[in-house]
Amino acid sequence: MPTPDTQIAQRALVVTAHPDDVDFGAAGTIATWVAQGTAVTYCILTDGDAGGFDPAVPRSDIPRIRRAEQVAAARILGVDDVRFLGYRDGQLEVSQGLRRDISRVIRQVRPQRMLIQSPERNWARIPASHPDHLAAGESAIFSIYPDARNPFAHPSLLSDEGLDAWTVHDVWVMGGPTPNHVMDVTDVFSTKIAALRAHESQTAHMDDLEERLRGWMTMAAQNAGLPEGRLVEAFLRTEIP
């Protein structure tokens, strides 16, 4: 498993189901990419309106709160372009409409690299396989191949919006059961924690957040054969012709 990211993408697009998903799974990697010169865009499919732990907060306020938290967390990592598609949290399903909407963002951003969630259930870490995560991953990979690259898929994107087909070759998948690539993010671990703490509605009650993440990331580093004390984020990385 190679740890250095020797291929630097000009543009990368991240597609996740909820605000905070990218920060739990890949904040260190995103911070590293940005430092290397990659322009990163987030496409968040829901507003996280089913999340939150404080019953005193009106449910109608949650979408606004969670959008603001994700924007703040993104800025900590150096990401300024955050887009929300507004689907309902807990009700995400693979559909032609969702595939079209993700394909639209792909054609707008024209990324060389995409980071998505796994469409495969991880039985060892069921929380990583939330139904919305699985639907987001399946929809994203369908949008990468074949939709966004096919000018005849979702024809209104081209005919009405002038968005030409775009092909993404480099795909990183987080949260899946069979990672084959890791990023050593030891030096930006504190930045990852800061991004997660920006999601106050989700993490304020987690007194053990840093300890829990350090445990997961240490185990991933050990599985990858890295020296003691290193912390990694793990992915399935694949090249699509």
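Quick notes on this one:
- The range 106-127, residues that are over 15 Å from TRP172 (Cα atoms), in contact with a Pro (Cβ under 9 Å, 6 or more places away or on another chain) and of a type outside the set (S, T, N, Q): ARG121, TRP123, ALA124, ARG125
- Scanning the range 66-80 for residues that are of a type in the set (Lys, Arg) and either free of Cβ contacts under 8 Å to residues at least 12 places away in the same chain or outside any helix (DSSP H, G or I) (or both) gives a single hit, ARG75.
- Unique match (being within 15 Å of the chain's Cα centre (by Cα) and not polar (S, T, N, Q)) among VAL57, VAL109, VAL79, VAL94: VAL79
- When PRO241 is tested against (1) surrounded by 15 or more Cβ atoms within 10 Å (Cβ to Cβ); (2) under 30 Å from GLN96 (Cα atoms); (3) in contact (Cβ under 8 Å) with a residue 60 or more places away in the chain; (4) more than 21 Å from the chain's Cα centre (by Cα), just one condition goes unmet, and that condition is (1).
- In the range 45-59, the residues that are on the phi > 0 side of the Ramachandran plot form Cβ pairs under 9 Å with partners that are surrounded by 22 or more Cβ atoms within 10 Å (Cβ to Cβ) and among the polar types (S, T, N, Q), at six or more places apart or across chains, as follows: GLY48/GLN70; GLY48/GLN202; GLY52/GLN202.
- Residues of the range 77-99 that are closer than 30 Å to VAL188 by Cα and surrounded by 19 or more Cβ atoms within 10 Å (Cβ to Cβ): LEU77, VAL79, VAL82, ASP89.
- Among the residues of the range 86-106, those identified as touching a residue at least 60 places away in the same chain (Cβ under 8 Å) and touching a helix residue (DSSP H, G or I) at 6+ places or on another chain (Cβ under 8 Å) are ASP89, LEU92, ILE102, ILE106.
- Enumeration of residues in the range 205-223 that are of a type outside the set (D, E, K, R), under 18 Å from GLY52 (Cβ atoms) and without any contact (Cβ under 8 Å) to a residue 12 or more places away in the chain: MET206
- Number of residues in the range 119-136 that are over 17 Å from ILE44 (Cβ atoms) and not in a helix (DSSP H, G or I) equals 7.
- Positions within the range 137-175 being touching an Asp or Glu at 6+ places or on another chain (Cβ under 8 Å), closer than 19 Å to TYR42 by Cα and buried (at least 18 other Cβ atoms within 10 Å of the Cβ), in sequence order: GLY137, VAL171, MET174
- Selection status of ARG83, touching a residue at least 12 places away in the same chain (Cβ under 8 Å), basic (Lys, Arg), touching a strand residue (DSSP E or B) at 6+ places or on another chain (Cβ under 6 Å) and closer than 13 Å to HIS18 by Cα: yes
- Within the range 18-42, being touching a residue at least 60 places away in the same chain (Cβ under 8 Å) and under 8 Å from the mean Cα position of the chain (by Cα) holds for ASP21, VAL22, ASP23, GLY25, ALA26.
- In the range 3-17, the condition of being under 22 Å from VAL232 (Cβ atoms), of a type in the set (Gly, Ala, Ser) and in contact with a Gly (Cβ under 7 Å, 6 or more places away or on another chain) is met by no residue.
- Top-ranked residue in the range 51-67 [being surrounded by fewer than 15 Cβ atoms within 10 Å (Cβ to Cβ) and out of contact with any helix residue (DSSP H, G or I) (no Cβ under 8 Å at 6 or more places or on another chain); ranked as nearest to PHE189 (Cα to Cα)]: ARG64
Quick note: the coordinates plus some simple rules give every number you see, no bench work behind them. If you're wondering where the values come from, they're calculated on a predicted model, not measured in any experiment. Cβ sites come from the backbone with ideal geometry, for glycine too, and all protein chains shown count toward neighbours.
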